[in-house]
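What follows is a set of notes on a single structure, which appears directly below.
Read the figures in this text as sums done on the coordinates, not as results from a lab. On a predicted model such as this, the values are computed, not experimentally measured, just so you know. Cβ coordinates were reconstructed from backbone atoms using ideal geometry, including for glycine residues, and neighbour counts include every protein chain displayed.
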Amino acid sequence: MRRIMDWKSMVLTASTVVLMSVSLAMAGDIYRFEDEEGVVHFTDIPTDHRFKIFMRDLKKDKKLRTSFNLASCGRAPEEFETIISRSATEYGVEKSLVKAVIHAESSYNPQAVSRKGAMGLMQLMPGTAQDLKVVNSFDPQDNIRGGVRYLRFLLDTFRGDVTLALAAYNAGLSKVARHGGIPPYEETRNYVSRVLALQKNYQTQTN
């Protein structure tokens with residue numbers, strides 16, 4: 001994530017639609033590894049032994065549709081249900097989207113810290129947290145409320161386009177603006193696909 005920037009004059013081009021289609025069309029198992037510099041890499045075609053399975057293809061692994069692989073989560077998602085619901089209502093963001101972002105970012109571990117310094121459930125960078133007036137990124141209520149507020153900002157910036165908002169959450173708003181859509185980064189495309197798939201699962205479980 002990057003610090004909040006003012007991109008009110010941003011113009012989204014037709015290439016956005018093309019890039020969105022590519023992202024949503026991706027399928028198959030997703031693999032992940034984090035290199036020595038803290039950069040996280042995702043791929044659906046592992047070419048290095050360091051890649052480990054990160055997410056099974058939902059179409060092939062029906063068990064994931066109901067379990068969400070919660071055994072690997074830092075804490076039970078139900079512990080944060082009240083905070084998520086309150087923040088989602090306050091900022092008008094779908095609860096399923098908030099849950100999916102938390103799942104993808106930290107696996108519900110409020111003490112998670114990336115090598116780049118992102119912290120807490122929604123992995124807020126220090127600068128972003130400061131802009132959002134988040135006092136303690138390790139406090140679930142503070143972190144979730146700040147992260148949902150940031151999601152609302154991104155959704156408003158991209159006129160409600162969830163795909164582009166997620167791309168900006170992962171790669172930074174300026175990079176999405178520069179490329180006129182989802183940046184051509186494998187990590188970001190895989191991230192967007194994964195969060196959208198998780199969101200669909202959370203929506204299914206609440207129906």
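Where in region 132-146 does the amide nitrogen come within less than 19 Å of the point 7 Å from the Cα of Val113, taken along Cα to Cβ? Of the residues in region 132-146, 134-144 have backbone N under 19 Å from the label point off Val113.
Remark: the Gln205-Thr89 segment gains 39.9 nm on full extension, using 0.36 nm per residue and subtracting the alpha carbon distance. For Asp161, the shell of other residues with beta-carbons less than 14 Å away shows a net charge of 0, using +1 for Lys and Arg and -1 for Asp and Glu.
Available extension along the chain between Arg178 and Thr47 is 44.2 nm, counting 0.36 nm per residue and deducting the alpha carbon span.
Our note on the geometry: Cα centres of region 72-92 and region 97-118, 12 Å apart. Look at Met125, Met119 and count the other Cβ atoms within 10 Å of each Cβ; fewest to most, that gives Met125, Met119. Taking region 77-118 and a reference point 7 angstrom along Cα→Cβ of Glu36, the backbone N atoms nearer than 19 Å belong to 115-117.
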